[in-house]
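This report refers to the structure that appears directly beneath it.
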Ligand code: SF4
């Protein structure tokens, strides 16, 4: 029951989760409960192209909608289409989808981008880059990014069960699109993982490993278990976090008996050794939290995983209102036992300007969600500042609101910065690092400044970006070897 609270900016209402009825979609009208619950059926029936999209929606969507998706894939997309039925079913979850409803839908806006959504004057920020967080430059083994003093990111694979339009690792993750040819790992997975474990063995100051990709749900479980067992054997590793958007996009995977049993084995070993084994997922809209997602998350907790946390991304048109964020956080915390943990500002990758918001707007959002959730479940809104790392959005050192340039400082050296000939920055602790607001969000005078100082044709082309990213990955490999 909701009590009337006059003047309250947000009114909390507990909402029961509902699995949208997939039979409302023509292509899934004959799908049984057993098929829907089967992870293999979900994988086989993923939508990867316009023909398959038509196969699901048929005449519910008009030709203009399909053409809009096609134009986006041809001219703007940095990620190819990959949508499991579970994910599709959370778009326009009540009623039969129409083109209009799909265009307005928050999940569609980031999982199935259309050309007409993209910004026209500045689709990319002049400082947008493919590897916007410079992760390749911080590889200390292929795929192992060491940019914080005590923690690393291990990218085990470059695929996911679903591809998100705004993926920050668009440089490496997924299939090439007409606009973006992806970088490839060079080492065989087994050699790459051995090199990662070797680095961690030689660097006991690293205590925390984010095991990611891609999405670990795309790794054969026995291979994932071998790597995690390797981590658990290292006494120096105290925290392991598995990154998987599939907990939401394909919860059927995390409910497979072999996966549940395997996770139970790993959780038992972790508990025995005093290691915190957690799952980090990525949910951006409340309507994506369904009973199946809740069941997958709760199953992981029941078999001994220490915590399931959410790291969402702030995306305009999806979740950049306090109401959308709080609805999502309450759905996660109340109904699925998933801890709202972070919301990242969308990174400065190419063609993302229609999704990004300014630091000032992110600060307002952080302020507007304070006080409703328990403190431990109030997510921090963070800016992932290139070469710095995550900073709470109020932590900036200086902010030029007219030109949308914020300045950030760093309080540690990490990974290759400490090596002779490393990242080439001798004074990382004295430097200020820039982050840029979307130009569309600036006052007219600021927009005029950018028009004078960075003409759109100066924007790094995606091929130039590919070449630079490939060169920095090669430079890291040379330093490692
Ligand atoms: S699941 Fe994560 S890694 Fe995979 S495409 Fe989405 S954002 Fe990128």
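A few comments on the model shown:
- For residue 214, the conditions (1) more than 13 Å from the ligand (Cβ to nearest atom); (2) touching a strand residue (DSSP E or B) at 6+ places or on another chain (Cβ under 8 Å); (3) not in a strand (DSSP E or B) all hold with the exception of (1).
- In region 101-108, the condition of being over 15 Å from the mean Cα position of the chain (by Cα), farther than 30 Å from residue 448 by Cβ and surrounded by 23 or more Cβ atoms within 10 Å (Cβ to Cβ) is met by at least one residue.
- Check on residue 153, within 13 Å of the ligand (Cβ to nearest atom) and under 25 Å from residue 429 (Cβ atoms): yes
- Looking only at region 266-281, and only at residues there that are part of a loop (DSSP other than H, G, I, E, B) and in contact (Cβ under 8 Å) with a residue 40 or more places away in the chain, the one that is farthest from the ligand (Cβ to nearest atom): 273
- From the list 60, 83, the one residue that fits, being surrounded by 20 or more Cβ atoms within 10 Å (Cβ to Cβ) and either within 30 Å of residue 323 (Cα to Cα) or within 16 Å of the ligand (Cβ to nearest atom) (or both), is 83.
- The residues in region 292-340 that are touching a helix residue (DSSP H, G or I) at 6+ places or on another chain (Cβ under 7 Å), farther than 24 Å from residue 257 by Cα and in a loop (DSSP other than H, G, I, E, B) can be counted, and the count is 5.
- Residue within region 96-109 that is in contact (Cβ under 8 Å) with a residue 24 or more places away in the chain, touching a strand residue (DSSP E or B) at 6+ places or on another chain (Cβ under 7 Å) and away from the ligand (no atom under 16 Å from the Cβ) present: no
- Residue tally, condition surrounded by fewer than 18 Cβ atoms within 10 Å (Cβ to Cβ) and touching a helix residue (DSSP H, G or I) at 6+ places or on another chain (Cβ under 7 Å), over region 122-133: 1
- Any hit, region 312-321, residues being more than 20 Å from residue 91 (Cα to Cα) and either within 15 Å of the ligand (Cβ to nearest atom) or without any contact (Cβ under 8 Å) to a residue 12 or more places away in the chain (or both): no
- Scanning region 30-40 for residues that are farther than 26 Å from residue 327 by Cβ, part of a helix (DSSP H, G or I) and touching a residue at least 24 places away in the same chain (Cβ under 8 Å) yields a single hit, 39.
- The set of residues in region 422-452 being out of contact with any helix residue (DSSP H, G or I) (no Cβ under 7 Å at 6 or more places or on another chain), assigned to a loop (DSSP other than H, G, I, E, B) and at pLDDT below 95 consists of 424, 426, 427, 429, 430, 431, 432.
- Being at pLDDT 95 or above, surrounded by fewer than 16 Cβ atoms within 10 Å (Cβ to Cβ) and away from the ligand (no atom under 16 Å from the Cβ) is a property that holds for residue 233.
Quick grid of which residues meet (1) away from the ligand (no atom under 16 Å from the Cβ); (2) surrounded by 15 or more Cβ atoms within 10 Å (Cβ to Cβ); (3) farther than 25 Å from residue 234 by Cβ:
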{"residue": "140", "(1), (2), (3)": "yes, yes, no"}
{"residue": "148", "(1), (2), (3)": "yes, yes, no"}
{"residue": "158", "(1), (2), (3)": "no, yes, no"}
{"residue": "164", "(1), (2), (3)": "no, yes, yes"}
{"residue": "170", "(1), (2), (3)": "no, yes, yes"}
{"residue": "180", "(1), (2), (3)": "no, yes, yes"}
{"residue": "183", "(1), (2), (3)": "no, yes, yes"}
{"residue": "198", "(1), (2), (3)": "yes, no, no"}
{"residue": "206", "(1), (2), (3)": "yes, yes, no"}
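- Residues within region 11-29 that are touching a helix residue (DSSP H, G or I) at 6+ places or on another chain (Cβ under 8 Å) and either assigned to a helix (DSSP H, G or I) or free of Cβ contacts under 8 Å to residues at least 12 places away in the same chain (or both), tallied: 5
The values are calculated or read from the model by the stated rules, or taken from the named source; none is laboratory data. As the structure is a prediction and not an experimental result, all values here were calculated from the model. All Cβ positions, even for glycine, are placed from backbone atoms using ideal geometry, and neighbour counts span all protein chains on display.
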